[in-house]
Amino acid sequence: MINAKEHGRFREFCVSLAQMLYRTEVKLRTNIMGEPAKHIRPLSETRAIENGANALAEGFLFTVAAGLILGEAWRSSRSQSKRRDTVDDQLDSLGTQVTELTTRVNEITARWEDDLQAEKHRNDELSRILQRVVEIGLRGGWAEFEDTPLQIPRIQLSPTPLPTDATDHTSGSEDTRLESPTEESDPHPTSS
């Protein structure tokens, strides 16, 4: 404040600022109380310099504080914007991955369904062939069911006599012939 008293321009600025603030304050006070504003006596020069210097100091502090608050808000806004952009990019990336994985799962599912249909078709074909082989085997005498009215012919292997003709070279081959089940050809005779 000693400097304000010594410096002419700064002193004039502080005095005019303090007088203006004082007049504004008095007018507001009288208007709020409902009284008309009468003649406002100006502040003394010493008190005006002190009030002006205090107003400048408070204004400077307020400006610095407001600047810091605005700067922090702007920095926070930028960091949130960057974070939002990063999150949006990650969401887009995850969405793309989900789409790709869904496509792959659908392809694999379709391939499995095709393979399953092919296996079912092969299974049905093998089942049909096996059933046909069993039917042919049952008719040909490969198996006999006991205690059934169905009599399946038996196959008996017997050695064939040697051929007397020199042109026949099938010596030692065995002949299979079907015999109907009779009492004479029963391989398991019952003893009486």
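Each value in this text was obtained by applying a stated rule to the coordinates, not by laboratory testing. Remember, predicted model here, so these are calculated numbers, not experimental data. Every residue, glycine among them, receives a Cβ derived from its backbone with ideal geometry; neighbour counts consider all protein chains shown.
At-a-glance table
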| read-out | value |
| --- | --- |
| Highest average packing first - 7-18, 71-82, Cβ atoms within 10 Å | 7-18, 71-82 |
| Charged-residue dipole, Cβ positions (Lys, Arg, Asp, Glu), the stretch 2-107 about Cα centre, Debye nearest 20 | 760 |
| Derived scalar couplings ³J(HN,Hα) [the stretch 8-20; Karplus, 6.51 cos²θ - 1.76 cosθ + 1.60; whole Hz; x for Gly, Pro] | x, 5, 5, 5, 5, 5, 5, 5, 5, 5, 5, 5, 5 |
| R122 paired with R83, simple spin-label distance in nm, labels 7 Å along Cα-to-beta-carbon | 5.7 |
| Extension gain from L56 to T102, taking 0.36 nm per residue of separation minus the Cα-Cα distance | 9.8 nm |
| Phi-based couplings in Hz for the stretch 107-117 (Karplus 6.51, -1.76, 1.60; Gly and Pro marked x) | 5, 5, 4, 5, 5, 5, 5, 4, 5, 5, 5 |
| Calculated from backbone phi, Karplus (6.51, -1.76, 1.60) coupling profile of the stretch 82-99 in Hz, x at Gly/Pro | 5, 5, 4, 4, 5, 5, 4, 5, 5, 5, 4, 4, 5, x, 5, 5, 4, 4 |
